[in-house]
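One structure, pasted below without further comment.
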Amino acid sequence: MATNFPPPTLPAGFSRDRQQGDFLKESFPDDFAWGSATSSYQIEGAHDADGKGPSVWDTFSHEPGRVECNHNGDVACDHYNHLEEDVQLIKNLGLKHYRFSISWCRILPTGDPSNVNQKGIDFYNRLLDCLAEAGISAMVTIYHWDMPQALGDKGGWMNAEIVDLFKEFARICFEQFGGKVKQWLTLNEPMVFALLGYGFGMHHPGQRDFFGKGCRVIHHLILAHAKVYHLYEASFKEKQNGRVGIALCSTWNEPRNPNSEEDRQAAERAMRVAMGWFAWPIFKTGDYPEEVKTGVAAVCEKNGIKSTLPEFTKEEMRLNKGTADFLGWNYYTTSLVWSPSEAEKVGPTPFSQVAQITGSVDPEWKRGKCMFFHVVPWGIRNMANWLTKTFPSVDIYITENGYSDEGQLDDSDRVDFFRNHLNELLKAIRLDGARVKGYYAWSLMDNFEWSNGYNVRFGMHHVDFTDPKRRRTKKASADFYKHLVQSNGFKENE
Ligand code: NOJ
């Protein structure tokens, strides 16, 4: 089996091997949690069944030109009608953990908390019961991007009223499902959602005003997260005994030239912006990190305007601080970062909105054989260590990590991806002492990959989207993952 990766365009003198070292033949800790992950809009389908209201993604994907080939999630994997079969797939993999999300508009068709759709509640109860019967515990994401359209019409995350409406939705989730759920995630990748939806225009609502709107959206997302955390603490924790976290995403940011102090600083700044924009208020100070404050102010100043970064009041800072029992982290790739003075010479990059704040992110580095992201296994080790050092004593769960291709059954590149990332992760845990407690592979099956529709596949199971029955077929990676989970690591003789 090939274990090498296609070489990215690297600066002279940069060796990608320097952190990899030997393959480690060892096992993960006995209580390490093995799982896989999905999200509601990406798999459920049944977009108008049993009283579900339309979500912003139903509407967005129906607008011609928003999604590749005008694909949409109307049927997706039809998980809504294949629930038992899908739980069996998880069980066949030997997993004891599964991460899924709840569709807000299946529970509250118009977002109005007084108008609950009982059939939506029944669906998730059936799923949770089925998982429990199979001995699988649920990690549940409350928001994975599919807001009721009726709330989208009122401005969605731009409207401050959303904060309390989200809290009421979460309250219903805790009341209805909390007896069966021990791990909650309030939000999935809120930074990505704000950037793609309000910066790059690729996701709903398709806008391109990150500094004007994205910053405000992020502000509301943080407050909404914090309120939901306190709600659980005050009204549910004692009885339900669960934990509440958040799933954040950041690339590992590697200095382009590790010997340059300027590049090293730019890379650290990039971490504090990409991860810290949410993680600082939640895990550290209650407020944005200085790098975000000065970064946004500098970009705004260049454009002749006052900083668009909203300020938290003292009380809000108190509300934000310490509002997660664990950190969910989605890792896909690594970025090369270099100092602003070098960046000037290169000119704008496709990531220039963030790059303006952090230094610059190498556009070349992003391209690669993997359709989406460049494959950089050692990035997972570096970042696991950075997180452990930056947020000491916080339990970390990798809530997503995966590889995209065109959906072939013999997915040996995905096998390599899992094998090498998990080995680097093992090194982080065993050799470096990183506090990573579990791993959820993205994804259980091929699904609707947002603006890429069904053209980009992340599944360990192939789904035939031309078949009305949406037949699932396991790929080579499913067998590999099952074996690794069974061994709980890498054996000496393999
Ligand atoms: C992160 C998102 O949470 C998920 O919805 C998406 O499919 C994967 N990344 C892959 O892009």
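The values are calculated or read from the model by the stated rules, or taken from the named source; none is laboratory data. Only a predicted model underlies this, so the values are computations on that prediction, with no experimental measurement involved. Glycine also receives a Cβ, built like all others from the backbone with ideal geometry; neighbour counts cover every protein chain displayed. Remember, those area values only see protein heavy atoms, side chains included, never the ligands or the DNA or RNA. Shrake-Rupley method; radii C 1.70, N 1.55, O 1.52, S 1.80 Å.
So which residues in the range 199-209 are more than 24 Å from residue 327 (Cβ to Cβ) and buried (at least 22 other Cβ atoms within 10 Å of the Cβ), if there are any at all?
204
Count, please, the residues in the range 451-473 that happen to be within 15 Å of the ligand (Cβ to nearest atom) and touching a His at 6+ places or on another chain (Cβ under 6 Å).
Result for the range 451-473: 2.
Scanning for something modelled with pLDDT under 95, hydrophobic (A, V, I, L, M, F, W, C) and within 16 Å of the ligand (Cβ to nearest atom), does the range 197-207 turn up at least one residue?
Yes, because at least one residue in the range 197-207 is modelled with pLDDT under 95, hydrophobic (A, V, I, L, M, F, W, C) and within 16 Å of the ligand (Cβ to nearest atom).
Determine which single condition residue 439 fails, assuming it passes every other condition in (1) modelled with pLDDT of 95 or more; (2) away from the ligand (no atom under 16 Å from the Cβ).
Just one mismatch for residue 439, condition (2).
With (1) farther than 30 Å from residue 384 by Cα; (2) surrounded by 14 or more Cβ atoms within 10 Å (Cβ to Cβ) as the list, and residue 303 as the residue in question, which single condition is left unmet?
Of the numbered conditions (1) farther than 30 Å from residue 384 by Cα; (2) surrounded by 14 or more Cβ atoms within 10 Å (Cβ to Cβ), the odd one out for residue 303 is (2).
Look at residue 159 and say whether it is within 16 Å of the ligand (Cβ to nearest atom) and out of contact with any Pro (no Cβ under 8 Å at 6 or more places or on another chain).
Judged against the criteria, residue 159 is not a match.
Sticking with this structure for a sec: Could you identify the single residue in 35, 21, 53 that is in a loop (DSSP other than H, G, I, E, B) and at pLDDT 95 or above?
53
Residue 88 fails exactly one of the following numbered conditions: (1) open to solvent by less than 10 Å² (accessible area, probe 1.4 Å); (2) out of contact with any strand residue (DSSP E or B) (no Cβ under 6 Å at 6 or more places or on another chain); (3) part of a helix (DSSP H, G or I). What is the number of that condition?
Only one criterion is unmet by residue 88, namely (1).
Among the strands (runs of 3 or more DSSP E) contained in the range 378-494, which hold 3 or more residues that are over 25 Å from residue 276 (Cα atoms)? Explain how you work it out, then say what you get.
Numbers: elements: 396-400, 436-442, 461-463, 472-474.
Per the criteria, 461-463, 472-474.
Let me ask you something else. Can you tell me which residues in the range 103-130 are in contact (Cβ under 8 Å) with a residue 24 or more places away in the chain and in a loop (DSSP other than H, G, I, E, B)?
103, 108, 109, 110, 111, 112, 113, 116, 117
So is residue 218 part of a helix (DSSP H, G or I), at pLDDT 95 or above and open to solvent by 10 Å² or more (accessible area, probe 1.4 Å) or not?
Details: part of a helix (DSSP H, G or I): yes; at pLDDT 95 or above: yes; open to solvent by 10 Å² or more (accessible area, probe 1.4 Å): no.
So residue 218 does not fit the description; no.
Taking residue 481 as the residue in question, decide whether it is in contact with a strand residue (DSSP E or B) (Cβ under 8 Å, 6 or more places away or on another chain), open to solvent by less than 10 Å² (accessible area, probe 1.4 Å) and more than 16 Å from the ligand (Cβ to nearest atom).
Considered against the rule, which asks whether it is in contact with a strand residue (DSSP E or B) (Cβ under 8 Å, 6 or more places away or on another chain), open to solvent by less than 10 Å² (accessible area, probe 1.4 Å) and more than 16 Å from the ligand (Cβ to nearest atom), residue 481 comes out as yes.
Could I ask something else about it? All but one of (1) buried (at least 20 other Cβ atoms within 10 Å of the Cβ); (2) farther than 30 Å from residue 203 by Cβ; (3) in contact with a Leu (Cβ under 9 Å, 6 or more places away or on another chain) hold for residue 429; which doesn't?
Result: residue 429 passes all but (3).
Could you check how many residues of the range 139-151 are within 23 Å of residue 226 (Cβ to Cβ) and open to solvent by 10 Å² or more (accessible area, probe 1.4 Å)?
1
Go through the range 169-188 and count every residue that is farther than 13 Å from residue 102 by Cα, touching a Gly at 6+ places or on another chain (Cβ under 9 Å) and either within 16 Å of the ligand (Cβ to nearest atom) or not basic (Lys, Arg) (or both).
Looking only at that region, the number is 1.
Out of curiosity, is residue 30 open to solvent by less than 70 Å² (accessible area, probe 1.4 Å), away from the ligand (no atom under 16 Å from the Cβ) and either part of a loop (DSSP other than H, G, I, E, B) or within 20 Å of residue 107 (Cβ to Cβ) (or both)?
no
Shifting gears a bit: So how many residues does the range 380-422 have that are away from the ligand (no atom under 16 Å from the Cβ) and closer than 22 Å to residue 268 by Cα?
Adding up the residues that qualify gives 15.
The conditions are (1) touching an Asp or Glu at 6+ places or on another chain (Cβ under 9 Å); (2) closer than 30 Å to residue 66 by Cβ; (3) at pLDDT 95 or above, and residue 413 fails exactly one of them. Which is it?
Every condition holds for residue 413 apart from (3).
Still on this structure, I have one more. Give the residues of the range 122-135 that are surrounded by 18 or more Cβ atoms within 10 Å (Cβ to Cβ) and in contact with a Lys or Arg (Cβ under 9 Å, 6 or more places away or on another chain), sorted by residue number.
Within the range 122-135, 123, 124, 128, 131 qualify.
Hey, another quick one. Yes or no: the range 62-71 includes at least one residue that is open to solvent by less than 30 Å² (accessible area, probe 1.4 Å), out of contact with any strand residue (DSSP E or B) (no Cβ under 7 Å at 6 or more places or on another chain) and at pLDDT 95 or above.
Here is the first cut: in the range 62-71, the ones open to solvent by less than 30 Å² (accessible area, probe 1.4 Å) are 67.
This time we only want the ones that are out of contact with any strand residue (DSSP E or B) (no Cβ under 7 Å at 6 or more places or on another chain), so: 67.
If we keep only those that are at pLDDT 95 or above too, we end up with 67.
Looking for residues that are open to solvent by less than 30 Å² (accessible area, probe 1.4 Å), out of contact with any strand residue (DSSP E or B) (no Cβ under 7 Å at 6 or more places or on another chain) and at pLDDT 95 or above, one finds at least one in the range 62-71, hence yes.
All but one of (1) within 16 Å of the ligand (Cβ to nearest atom); (2) modelled with pLDDT under 95; (3) surrounded by 21 or more Cβ atoms within 10 Å (Cβ to Cβ) hold for residue 362; state the number of the condition that does not hold.
With (1) within 16 Å of the ligand (Cβ to nearest atom); (2) modelled with pLDDT under 95; (3) surrounded by 21 or more Cβ atoms within 10 Å (Cβ to Cβ) applied to residue 362, the lone miss is (1).
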